[in-house]
Amino acid sequence: MRPPFNAEAPLRKVEEIEAPITKENWQQDSYSFVEAIGEVGYVLNLKANMIGQCRIRPEVRVPGTDEWVETDDPRVLRILAAFKPPEGGQGELLRQAALHYEIAGECYLFGQPIVDERKRPAGLLWEFLSTLELKVEKGGKVTRNAWGGSQGKEDVDVDAYVARMHHRDPRYSARADCPMRRVLPICRELVLLTQVIDAVSKSRLSAGLMYVPWEVSFGPSDEFENPGDPATGGDEFEEELARHINSPIEDRTSASSLVPLLMRGPAFVKGTPAKDLLGVVDLTRPLDGLYKELRRESLERLAAGLDINPEVMTGKSNLNHWTGYNVDTDFIAKHIIPLGDVIVGFVSSAYLRPMLTIFEGLEPVDTEWFRFALDVTPITAETDLSDNATTGFGLELVSDEAWIRLNGMDEADMPSTEERERRTLERLLFAQPALGPAILPLLYPDDEDLPAALEKWSGGGGAPPEDTAPAVPELGPSRVGGDEPPNVPRLSNVSSTVLGVLLAAADRELDRGLERAANRLISRFNGIDRDEASRLRGSKRTEVLTAAGTDLAVQAGLGREELFSGCWDELQIRTAEWLRTALVDQGSDPYTAQMRAAAAAAELGELLSSLAVTALDRRIDVGPNGFKVPTQLVLAALVAGDLAGG
C-alpha cells in the first residue's frame, strides 16, 4: 500500500494517489479571518509579497565540503526556467506558497499539463493551491474547485503532478500547524469588537432623550379621530418628531440625527415646574474608552501570537528612522528568510530533484548535488560602505579590488599600470613642486612646448604654461590674520608654483570627486530602483551625475553636502600644508601662515563643490586652459587666503 498523501508528500502524479487526506476544520476560519481583519491580512500579505520579490538561486554542492555555490549547469537552469505559473513569474509562486503556508500551515504544489494548438504536450504550469481548493477524495480522486462554490468543482488531469507542503504539528506530524491557528480566538474577539462598534455607530439613539410636559402640544392633527377624548388624537408635534427620528435611519446623511427623542410627562413633578426639569438625557454608549482599549489589547496579543513586532502591524509613526530600519531588518531576518528557506527547500525536494530525474535523466542520488536557495538581495537595502572603504584604503587596510567592488565598480574600472604611474608622478609633483623639471618630461614626453615651460618653471619668469592664465596680482592686506605685519614677505613666482600645481591637482581631484559622488548615487539607487541603478552604472563614472540629473539626486535624498562630503579632504590637507610651508620658508610667522593656508584650502574645497554640483545640469568639459577646473576658480581660492590680489 502506498504511503498516505497527508504525509510530507514527494511529487507524484494524480493517478498514483490513493489514500485520502484529512482536512482541518480550522483552516476555513483562518482564511476567513485574514479576509475580515485588515491587520492580519496586511501582515501575512507583507510577508508573502516580500518573499515574492526574492529570487530562486540554483546551487551545486562543492565536492568534499558542505559549501554550496551558484551553478550554471544547463540541466538545472532548464528545470528552473520551467517552474512558472499561469500568470506572473516565479515570484508569484513564492508569494502563493508563503501566503498559504502562513494562513493554513499547508498547501499543494500543483503541476497542470498543458498542450499546444495541435493538442501536443507543451509542458506544465505550476501553482501553489490551498487545501480548500484542491481536494483528495476517497479512492484517490483529486478535484479542484477554483471558484469555491458548488458548481465549480472539476476533476484533475491524471497526469498532473501534486506535492504537499506543510508545517508539522508538534503532536501529530502528519497534521498541519501554523501561527494563525494559535490566534484564532483573538481573531474572533476582534471580529466581535468590530461588530459591536458597527452596531453602536448605527444606533440612532445617540441624540438622547428629551423630557416634555403633557401640556406642550400642537394639538391633535385630527380632533375627530377620537371625539370622546380629543387629546388622544394624532398629535402633530409627535408626528413631526417621529419623522425626524426615523429620517436618519432611512438616510444616514439626514441632519435629523441630532434631534432628541420626545418624552411626555406631567406639567409639575412633585410641585416642581416641568420647565425646570426640561433637558436632554444622553443615551449613547462611549466608543473612545473601553472599545478602543480592548481593540488595542487584542492587536498586541495578535502580534505576539504571530511572533512579530507590534510596530509592523500598527505602523511606524512613533518610530524614528533608525528604529524603523531595525524593525525592517529584524522582520526580514526573523520572518522572511526562515520562511523563504522552507519554501525553496521544499521546491528543491518536491520539484527540482524529481524533475531532474524525470526530464533530464539523472539518477536520484545525483540530484542531491543540486538545490534551490533563496536570494534575498532584492529586499535588503545594500549598505553604503564606500566611505569606509575609502578610509580603509587610505590606511592601506583595504585592497584595490575591495575598494573597487564596494564602490559599485568592477575590475574593468581599475586603472592600468600606465595610469597608476602617471598618478604617482602627479602626486609627487604636487608634494614637491621643485621636482617639476624632472617629473614633467615623464608626464608630457610628446609636448613640444615643454622646454619653454620648463625654462619658465626654473626661473625664466613670465606667465604660467597656459595661454589663458591671467597674471596674478600682488598680494594685498591680510583678511585672515588682521593687518599684515611689515616683516611678512609676499610669495614669489606665485603664478608658476602655486597656480600651476594647484590647478592640476584640483582638476584631478574634481574627477575623483565626481566618481565618488556617482558611486554614492548608484549605491543609494540599489535600494530604491535597481533598474535605474543599472542604467547609471552603464555611464562613465565622471558623467553619472549628468546622466542622473537633479531630479534623481533629489529622489535619492542626496544634496550637495551628501554627494561631495569628504571628496576634497585630501586636497585641502595637502594644499594647506604646502602653502603654509611655502609662506614660512619666505619668512612669514607660522600662525599667520597657517591661517592663510587654511583659508585658501577651505575656499578651494567650497569652490570645487560648487563646480561639481553643476554636473547635475550639464557635463563639465575641458576649458581653454586644458583643465576642467577654471583658472579663475583657483585664483579665487588664493585670494581668500590673501595669496593673490582680489
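Points worth noting:
- Computed as a quarter of the hull surface, the mean projected area of the alpha carbon convex hull for region 58-168 stands at 10.3 nm².
- Cα-based Rg of region 78-118 normalised by 2.2 N^0.38 Å, two decimals: 1.37
- Peptides ranked, highest mean first, by Cβ atoms within 10 Å: ranges 329-335, 343-349: 343-349, 329-335
- Accessible area of Leu571 (1.4 Å probe, protein heavy atoms only, ligands and nucleic acids ignored): about 10 Å².
- Listed pairs Lys84/Lys135; Lys47/Lys135; Lys540/Lys628; Lys47/Lys84 exceeding 24 Å between Cα atoms: Lys47/Lys135
- Sorting 541-550, 153-162 by their mean Cβ neighbour count within 10 Å, with the most densely packed peptide first, gives 541-550, 153-162.
- Solvent-accessible surface (1.4 Å probe) assigned to Tyr291 amounts to roughly 40 Å².
- Glu419 sits with roughly 90 Å² accessible to a 1.4 Å probe, with DNA, RNA and ligands left out of the calculation.
- Overall, region 38-111 carries a charge dipole of about 200 debye about its Cα centre when +1 sits on the Cβ of Lys and Arg and -1 on the Cβ of Asp and Glu, all other atoms neutral.
- Cleavage-rule hits (GluC sites (Glu not before Pro)) in region 53-112: DSSP loop, at most 10 neighbouring Cβ within 10 angstrom: Glu67, Glu87
- Sequence of His100, His167 from largest to smallest accessible area, 1.4 Å probe: His167, His100
- Largest to smallest in accessible area, the residues Lys138, Lys84 fall in the order Lys138, Lys84 (1.4 Å probe, all protein chains included).
The values are calculated or read from the model by the stated rules, or taken from the named source; none is laboratory data. None of the values given here were measured: they were computed from a predicted structure. No Cβ is skipped: glycine too gets one built from the backbone with ideal geometry, and neighbour counts run over all protein chains shown. Quick note on the areas: whole protein, heavy atoms, side chains included, nothing else; ligands and nucleic acids left out. Shrake-Rupley method; radii C 1.70, N 1.55, O 1.52, S 1.80 Å.
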